[in-house]
Amino acid sequence: MTRTAGYCKGCLNYVFDYETPKTLVISSIRVGCVFRFTQLLVVLFVVGYVCVVQKAYQETDNIISSVTTKVKGFAFTNTSDMDPRLWDVADYVIPPQGDHSFFVMTNMVVTPKQTQSRCPELPSPSTTCVDDCDCIEGHNDPRGSGIQTGLCVNYSSTVQTCEVLSWCPLEIEPELPKHALLSAAENFTVLIKNSVTYPKFKFYRRNILPHINSSYLKRCEFNRATDPHCPIFRLKHIVSEAGEEFQDMAVKGGILGIIIDWTCDLDPWAGKCYPKYSFRRLDNKHPVNNVAPGYNFRFAKYYKTPDGEETRTLIKAYGIRFDIIVFGTAGKFGIVPTIVNFGAALSFLSLVPVVCDWFILTCMKKRDFYSKHKTTYLNDDADPDSISMGTTYGTQ
Amino acid sequence: MTRTAGYCKGCLNYVFDYETPKTLVISSIRVGCVFRFTQLLVVLFVVGYVCVVQKAYQETDNIISSVTTKVKGFAFTNTSDMDPRLWDVADYVIPPQGDHSFFVMTNMVVTPKQTQSRCPELPSPSTTCVDDCDCIEGHNDPRGSGIQTGLCVNYSSTVQTCEVLSWCPLEIEPELPKHALLSAAENFTVLIKNSVTYPKFKFYRRNILPHINSSYLKRCEFNRATDPHCPIFRLKHIVSEAGEEFQDMAVKGGILGIIIDWTCDLDPWAGKCYPKYSFRRLDNKHPVNNVAPGYNFRFAKYYKTPDGEETRTLIKAYGIRFDIIVFGTAGKFGIVPTIVNFGAALSFLSLVPVVCDWFILTCMKKRDFYSKHKTTYLNDDADPDSISMGTTYGTQ
Amino acid sequence: MTRTAGYCKGCLNYVFDYETPKTLVISSIRVGCVFRFTQLLVVLFVVGYVCVVQKAYQETDNIISSVTTKVKGFAFTNTSDMDPRLWDVADYVIPPQGDHSFFVMTNMVVTPKQTQSRCPELPSPSTTCVDDCDCIEGHNDPRGSGIQTGLCVNYSSTVQTCEVLSWCPLEIEPELPKHALLSAAENFTVLIKNSVTYPKFKFYRRNILPHINSSYLKRCEFNRATDPHCPIFRLKHIVSEAGEEFQDMAVKGGILGIIIDWTCDLDPWAGKCYPKYSFRRLDNKHPVNNVAPGYNFRFAKYYKTPDGEETRTLIKAYGIRFDIIVFGTAGKFGIVPTIVNFGAALSFLSLVPVVCDWFILTCMKKRDFYSKHKTTYLNDDADPDSISMGTTYGTQ
């Protein structure tokens, strides 16, 4: 036999040698009970907590969502400073398109017939003046309303202010009325159509559920108790579900979240996947640290006078912006998370013998007897040839 | 030696005692084969499934995306009820700005010259009347069009309805023509610019790929087969890829998802990261349970007459809303998921001896011989001093 | 004893048999050191890298966010081709509502007094003509501006082009001025209100932090060094933080991302959760492969002349779109990821004996001595009754 062949044979032997631990079987009811009970605890924990409570055996996917909204309703106003007027969807929903966010105007400050011209500034410590020397031509005060022309003119019979070039007349912010102009908006309804996708699981669903028929949809209105799946919401109901008072919120405006939770368990043995609606005010109502409370923005309607001059109506619109926030995570049985979590569970089973060995070698009456048979003590300092087999020094 | 010193020495001994299982090496080709084969199976599974198929060794990150769109094209209409008219981007894209969602108007119901005034309600069972007693002044019917004035007036020569204060004349919803007004919209094109970021991996990319040059961009058009990376899409092509007919969809409107999938493997050994486009209709076409099928919304253009009266043109716009949905998850080699999954794999390797021991002790001819050497049986009931060493009762 | 009873008893014995490996304790400082050191390495790695650096013991949740923006400032223009004019928020923020994206117009091409009528096409190789034969009635050139009427008319004293039916006069794209019209926009400020939610952890927060009071908010301005939590941003500052020059960007427009990073560690022992702002230009400035560089869109203001004809002012608006991108992942101690990662760590501890055994049996001087006591070699080919106990062939 050559040397190489011998080496190869050694290698082969090594590859096919199977090394298995020598074991000691202890046939004792008490020890067995401890062993099985510890095992049971680990299994119960893994099955109970990891699998049932946390569903760690599932793969997850994030939602993709598309939303349309359609507001319905109209309001009639008849106040002293405006002609009687009917407001419909095209008037109070700005911008008109129903996306994942829509705005319903509930109050406003209207400044009609503004033109590019000259007018006295609104009175304030920095704009009042005595004569033209107090006003600097071309001065552009960031807190002001326009470019100063350098003249000091009468704002009222008692106050003189610098004249500015701006959209005149200037917007005068009056005390907002305590009662919102379009208070009737509380009875408007909104239809929310939401279709969602979990791309990883090829799962598509709409919030108009399959068991809902058209005649139901024509008359239903969302109510957590009686109609939890109706996609038509009364604005007042939304606001009150969020713990707010519609009429309070309508005066200065605000932002209200309509939260649609599509968190679903898509395993076939799990229940149906339905959207859950909740509502929450997203802006800060009246905290200490607040700037520009409520929600408002300015927009203008532009007109041309017959002689071609541009004029505009400036509207400071107060109202409620409804943000539709769709979120959710779907879980479905997946082989990889199952393996990873099952692997982790197996690791915990390897703790069981550690616990049991400790129990046997410290708590049992026969601990010395068990220890003698389980452990061989090999003292490094001793003579290599004489070992104290069968003598216990183990883990005490 | 004091007692404390002795105790310390015991502790030190314990800390530096190394406990290792006694093992039995079985040098047998059959056993070795079973052992190595089982090991191979586990390794193959871990490498093959967990690493190659599921890429469980990767960290993942979610996408951040920014989209701009720009529609091009114009349409010419020449119908009996309207003057010949050319429609360009500023007319049919509402709102004008190209965000992650854009709307192309394809059909419309126009109600021009509306003013705040009085007119008879549209006839319906609840609005027809015989005399003024049937109409209640100030009544506000949510399904009606305005505030009743209390008068009963002629709607037509045969029908009388209650008069309302509203934007008059009222919008009359005719039968929508079978052919969309702006059917030419099918040849409009849209340029989609999309830049994405995976913040965790500091990865930035645009859908206009580096190898695309300007001259190609000027003439190309997306086609899955020939031009899969051209960011310019013909609307008709998008709709037909989604399995719909543009002219059908244009009549009543709808919502079409342009889905850009940036799922990428960012490991250096993986391929390039390119966007994948797909198209899907997001609203429900003609199911049983549908309300307000299609997609439409109302908006108004406001004018002022020379004598200062406000008048508006109400437009109920039907059209296709294109939602650009960008999603994706990037994966890149990460040390933590690698460790977690490698750990799980190691746990499975610890199953190998269990399988092999079972095989040896039950299936092999020499099972008694192996068992005798592997296992020592310790009977709890027996005399502590006499044990049956070398006798097998093991796991049979 | 019946056979069944015997079988049951066997089963019970099996269930309560506890099998534990026989072990060899080596009491040697050197071996013990290697053992403990290897153990320490694994524990340090797990604690240090997995727990401290990667926080793998945490559950994570994705952010839900709501944004409002409010721009402030005005600009005055006085150019030769336009009357002196003041621009305020209602003029330059389009659309007017402050969502997660807002557009500030900085430059424009205005084409006033367009009506549906006939006019000569803009000259180009395909539109110039010599006589009417060169123009086809009803021809609709996608690169043209309207429907050809079939006539060839004078565009200027030297050039004849085909007449088209379109919104006339046509928009003429001049050389954009090197200086943006609304260059004063750099001093506009924007207030960003952002409220975020981590639904899994029931965590709500606003970017106006609790310790900020109203008087600070009235005068503060974001500055990374001095005011990192002020939610009011000067547009020029945003653009320069993104490494761009406002005046350059204002000419042709662009898209600028305001990125708010809410990545937070919500564990009670971790620090506070504050937003981190960063800024990045999202469109491509001047690369080789670019189409339609910058950012612009067309919109129109519609007017009616006293005789009822519709006329419009077409505006090609150039400007900066600010996209507010909110992202973040919150982590909080979770029992499941802790278990999974602790499980993985335990698996690594099971590697320690492998390393130590290898060290003992190959590197130590007394390796034969250890091997003799640790391993029993069982040769399959040998006589079952005669085994070479105590002889070492192990893993050499």
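Averaging over every viewing direction, what projected area does the convex hull of the Cα atoms of the range C:178-277 cover, in nm²?
On the way: hull surface 31.4 nm².
That works out to 7.9 nm².
When the Cα centres of the range C:109-140 and the range B:256-271 are compared, how far apart do they sit, in Å?
Between the Cα centres of the range C:109-140 and the range B:256-271 lies a distance of 44 Å.
Between B:Lys202 and B:Ala270, what's the calculated FRET efficiency when r is the beta-carbon distance and R0 is 25 Å? Round to 0.05.
Working: r = 17 Å, r/R0 = 0.67.
Result of the calculation: an efficiency of 0.90.
Distance between Cα centroids, the range B:310-367 to the range A:340-380: provide it in whole Å.
With the range B:310-367 and the range A:340-380 each reduced to a Cα centre, they are spaced 35 Å.
Place the label 7 angstrom along Cα→C-beta at B:Phe76 and in each other copy, then list the distances from the first to the rest in nm, shortest first.
4.8, 4.8
Within straight cross-link reach of B:Lys55, meaning Cα distance under 20 Å, which aspartates and glutamates are found once same-chain residues fewer than 8 apart are removed?
Partners within reach: A:Glu59, A:Asp61, B:Asp261, B:Asp265, B:Asp267.
Between the range B:66-98 and the range C:48-108, what's the alpha-carbon centroid distance in Å?
27
Pairs of alpha-carbon atoms within less than 8 angstrom and 6+ residues apart define the contacts here; what relative contact order does chain A have, in percent?
19
Please give me, ordered by residue number, the chymotrypsin sites (Phe, Trp or Tyr not before Pro) of the range A:197-275 that lie in loop per DSSP and have at most 13 other Cβ atoms within 10 Å.
Values: sites: A:Phe201, A:Phe203, A:Tyr204, A:Tyr216, A:Phe222, A:Phe233, A:Phe246, A:Trp262, A:Trp269; in loops: A:Phe222, A:Trp262, A:Trp269.
Qualifying residues, ordered by number: A:Trp269.
Just to confirm, what accessible area per residue do you get for chain B at 1.4 Å probe, in whole Å²?
Each residue of chain B exposes 47 Å² on average to a 1.4 Å probe.
Can you list the copy-to-copy distances for C:Lys202, using a point 7 angstrom from Cα toward Cβ, in nanometres, shortest first?
4.0, 4.0
Out of the trypsin sites (Lys or Arg not before Pro) in the range C:189-260, which ones are loop residues according to DSSP with at most 14 other C-beta atoms within 10 Å?
C:Lys202, C:Arg224
Starting from the eigenvalues of the Cα gyration tensor, five times each then square-rooted, give me the equivalent ellipsoid semi-axes of the range B:244-340, largest first, whole Å.
Output for the range B:244-340: semi-axes of 46, 20, 12 Å.
Starting from 0.36 nm per residue, how many nanometres of slack lie between C:Ile172 and C:Asp368 once their C-alpha separation is accounted for?
Gain in length upon complete extension: 61.0 nm.
If you take the square roots of the eigenvalues of the alpha-carbon gyration tensor of the range B:1-110 and sort them as a ≥ b ≥ c, do you get rounded (a/c under 1.5), prolate (a/b over b/c) or oblate?
oblate
Give me the percent of accessible area attributable to carbon and sulfur for chain B, probe 1.4 angstrom. If you can, show how the numbers build up before the last one.
Details: 10740 of 18620 Å².
Carbon plus sulfur share of accessible area: 58 percent.
Write out the cysteines belonging to chain C for which the nearest other cysteine Cβ is not under 4.7 Å, or none if no such cysteine exists.
C:Cys8, C:Cys11, C:Cys33, C:Cys51, C:Cys133, C:Cys356, C:Cys363
Measure off 7 Å from each Cα along the Cα-to-Cβ vector at B:Asp227 and A:Lys113, then give the distance between these two points in nanometres to one decimal.
It works out to 5.5 nm between the two label points.
Hey, can you list the residues from the range B:301-317 whose accessible area shrinks by 20 Å² or more with all protein chains present, relative to the chain by itself (probe 1.4 Å, no ligands or nucleic acids)?
Buried by the other chains: B:Lys301, B:Tyr302, B:Tyr303, B:Lys304, B:Pro306, B:Glu310, B:Arg312.
Just grab the label-to-label distance for A:Phe37 and B:Val43, each label 7 Å out from Cα along the Cβ direction, in nm (one decimal).
Label-label distance for A:Phe37 and B:Val43, simple model: 4.2 nm.
May I ask for the accessible area buried between chains A and C, both sides summed, probe 1.4 Å, to the nearest 100 Å²?
Counting both chains, the buried surface is close to 7000 Å².
For the range B:353-382, list whatever residues lose no less than 30 Å² of accessible surface once every protein chain is in place, relative to that chain by itself, with the probe at 1.4 Å.
Buried by the other chains: B:Lys366, B:Phe369, B:His373, B:Lys374, B:Thr375, B:Thr376, B:Tyr377, B:Leu378, B:Asp380.
So what is the orientation-averaged projected area of the protein assembly as shown, using the convex hull of its C-alpha atoms, in nm²? Walk me through the numbers before you get to the answer.
Numbers: hull surface 277.2 nm².
Answer in nm², one decimal: 69.3.
How about the range A:90-182: which trypsin sites (Lys or Arg not before Pro) there are in a DSSP loop, with at most 15 other Cβ atoms within 10 Å of their Cβ?
Filter output for the range A:90-182: A:Arg143, A:Lys178.
When Lys and Arg each count +1 and Asp and Glu each count -1, what net charge do the other residues less than 11 Å away from A:Ile315, Cβ to Cβ, add up to? Walk me through the intermediate numbers first.
Values: positive: A:Arg298, A:Lys301, A:Arg312, A:Lys316; negative: A:Asp91, A:Glu171.
The answer is +2.
Rounded to whole Å and sorted largest first, what semi-axes of the equivalent ellipsoid does the C-alpha gyration tensor of chain A yield via the square root of 5 times each eigenvalue? Mind dumping the intermediate values first?
On the way: eigenvalues 1245, 186, 98 Å².
Working through the eigenvalues yields semi-axes of 79, 30, 22 Å.
Given label points at 7 Å from Cα along Cα→Cβ, what nm distances, shortest first, separate A:Val52 from the same residue in every other copy?
Values, ascending and in nm: 3.9, 3.9.
The values are calculated or read from the model by the stated rules, or taken from the named source; none is laboratory data. What you are looking at is a predicted structure, and each value in this text was computed from that prediction instead of being measured. Cβ: placed from backbone, ideal geometry, glycine included. Neighbour counts: every protein chain shown. Surface accessibility is based on the protein's heavy atoms, side chains included, excluding ligands, DNA and RNA. Shrake-Rupley method; radii C 1.70, N 1.55, O 1.52, S 1.80 Å.
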